[in-house]
Amino acid sequence: MKEAFKMVSLQQDRTKACSFDFLNRETVESIRDFHKSFPMYQPTPLACLKDTAAELGLGAMYVKDESYRFGLNAFKVLGGSYAIGHYLANRLGKPMKEVDFPTLVSDETRKELGDVTFVTATDGNHGRGVAWTARQFQQKAVVYMPKGSAAERLANIQAEGADASITDLNYDDAVRLANSQGEKYGWVMVQDTAWEGYEDIPTWIMQGYGTMGLEAYEQLPEKPTHIFLQAGVGSMAGAVAGLFATIYGSERPVITIVEPDKADCLYRTAEANDGERHFVTGDMNTIMAGLACGEPCSIGWEVLKQCADHFISCPDYVAAEGMRILGNPAGTDGKVISGESGAAAFGCVAEIMTNPELSDLKERLGLDENSRVLFFSTEGDTDKENYKAIVWDGKYPSVK
């Protein structure tokens, strides 16, 4: 059991402030202003799971619930919408601060821009956000999905008017396909995976995720001692970690990154600690579909290597455990409907707190009855059939 969990720690100098200009509070506030211009914008709730925290031996647990985001059941639209908005602002020759939702949905803007097609690869949530945004702005989207993607997630993307299909490729190869098709047809690639020569849009996507982090910061009744962030390529984790590190400086919370053991590219990169990014190849067959990414985002990693303290590689059953606990919390706590990727970090902590075989990880992480822990449930039940199979039918049970 214990061998299924792996953790590596970076020796950060926590006496020094750690800050990132592109994720500082002033910048992220301006990004949130863009999101606030959308008529459907509302801050998503921050659940306080007091009784569950006590049951697990923690002081407090806070969960940012992104199942309420823009009616799309996931946070990803924050990144895609800001990146697309920024791209269109550049096309219009306007600074981003002068561009808002009413501007971008106007007929005048549509006539000035003409037809623009945005292309992306996704397991579901990001593609839906890109497709939704393109439809709002009267543009087009093409979406490629890796093999094994849920039919429901495909249908949700198609319902937004996108040309979407499931390929026979893994996620990273689907990204390469989207990029090659974009180059062939003149489409605009909207991806949070960065590489040399493709960094602006991934940066804007990361910045868009900052809205979620800023909301959580303002909603918290107290400073968290720990933040646990699940990661695929590391863009969301980098955005939230970078924002909190910049706000708190040398007094930042302990930041831990959680990945599925079948797609733990950030863990492997941190473990090697040799200045290079390390990839995972093959099918990456994990229930955490949104985290099944084998190649770290270079921009996200540059942030995480400076401010993340720990990286954990964990088995699939912890995500299922997190889904079940969040959907059935202790005492009077309100439930949080969280999907496989959204519940990964929460389930990881729950397992560490209750499994005696993982007591060494608990001690290394400094988790105890005084810990105040922040999580981000980044998706709701975006695959309802699988959610029910896990929460109702006990699929992927704990192996305690």
- Message: Can you tell me which of D283, D192, D368 moves the most in a GNM of the chain? Springs connect C-alpha atoms under 10 Å apart.
- Response: D368
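Which shape class applies to the stretch 101-154: rounded if a/c is under 1.5, otherwise prolate when a/b exceeds b/c and oblate if not, where a ≥ b ≥ c are the square roots of the Cα gyration tensor eigenvalues?
prolate
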- Query: Counting DSSP beta bridges in the chain, what percent are antiparallel, to the nearest 5?
  - Reply: 25 percent
- Item | For the stretch 180-217 and the stretch 224-278, distance of Cα centres in Å | 18 Å
- Given a cut-off of under 8 Å on Cα pairs at least six residues apart, what relative contact order in percent is computed for the chain? 24 percent
- Item | Highest average packing first - 266-275, 304-313, Cβ atoms within 10 Å | 304-313, 266-275
- Note on the structure: Non-local residues with an amide H under 5 Å from the amide H of I227, with H modelled 1.01 Å from N and Pro and chain starts lacking one, are V254, I255, T256, L374
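Assuming a ≥ b ≥ c are the square roots of the Cα gyration tensor eigenvalues, decide whether the stretch 211-323 counts as rounded (a/c under 1.5), prolate (otherwise, with a/b larger than b/c) or oblate.
It is oblate, given that a/c is not under 1.5 and a/b is not larger than b/c.
Let me check against my output: what whole-number percent is the relative contact order of the stretch 109-231, with C-alpha pairs under 8 Å and at least 6 apart?
23 percent
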- Note on the structure: The rounded separation in angstrom of the Cα centers of the stretch 62-101 and the stretch 102-126 is 12 Å
- Query: Which residue fluctuates the most in the chain, going by a Gaussian network model with Cα springs under 10 Å, if the choices are E112, E66, E295?
  - Reply: E112
- Message: How would I287, I227, I337, I205 line up from fewest to most surrounding beta-carbon atoms within 10 angstrom?
- Response: I337, I287, I227, I205
- Message: Using only the alpha-carbon atoms, how far is helix 25-36 inclined from the longest principal axis of the chain? Give it as 0 to 90 degrees, nearest 10.
- Response: 60 degrees
- Item | lysines whose Cα lies under 23 Å from that of K184, excluding same-chain neighbours fewer than 8 positions away | K140, K147
- Query: Once the other residues with Cβ under 13 Å from the Cβ of D274 are scored (Lys, Arg +1; Asp, Glu -1), what is the net sum?
  - Reply: +1
- Query: Taking θ as phi - 60°, what are the ³J(HN,Hα) couplings along the stretch 333-339 by the Karplus curve (6.51, -1.76, 1.60), each to the nearest whole Hz, with x for Gly and Pro?
  - Reply: 4, x, 6, 10, 7, 10, x
- Phi angles of the stretch 80-96, converted by Karplus (6.51 cos²θ - 1.76 cosθ + 1.60, θ = phi - 60°) into ³J(HN,Hα) in whole Hz with x for Gly and Pro, give x, 5, 5, 5, 5, x, 5, 4, 5, 4, 4, 4, 7, x, 10, x, 4
- For the stretch 208-249 the chymotrypsin sites (Phe, Trp or Tyr not before Pro) that pass both the DSSP coil test and the at-most-10 other-Cβ-within-10 Å test are none
- List, in order, the whole-Hz ³J(HN,Hα) value for each residue of the stretch 192-209 obtained from phi through the Karplus relation with A = 6.51, B = -1.76, C = 1.60 and θ = phi - 60°; use x for Gly and Pro. 8, 8, 10, 8, 4, x, 10, 10, 4, 5, x, 5, 5, 4, 4, 4, x, 5
- Among GluC sites (Glu not before Pro) in the stretch 184-261, those in a DSSP loop whose Cβ has at most 16 other Cβ atoms within 10 Å are E196, E199, E222
- Message: Can you give me the angle between helix 171-185 and the longest principal axis of the chain, using Cα atoms only, in degrees from 0 to 90, rounded to the nearest 10?
- Response: 10 degrees
- Item | Proxy reagent accessibility, fewest Cβ within 10 Å first, across F5, F279 | F279, F5
- Task: Enumerate the amide H contacts of S341 below 5 Å, restricted to partners 5 or more residues apart or on another chain; note that Pro and chain-start residues carry no placed amide H.
- Result: A289, G290
- Can you give the relative contact order of the stretch 222-351 as a percent, counting alpha carbon pairs under 8 Å and 6+ residues apart? 29 percent
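The numbers here are math on the coordinates, done by the rules we state, and not lab data. Keep in mind it's a predicted model, so treat the numbers as computed, not measured. A quick note on method: Cβ atoms are made from the backbone with ideal geometry, for glycine too, and the neighbour counts reach across all protein chains shown.
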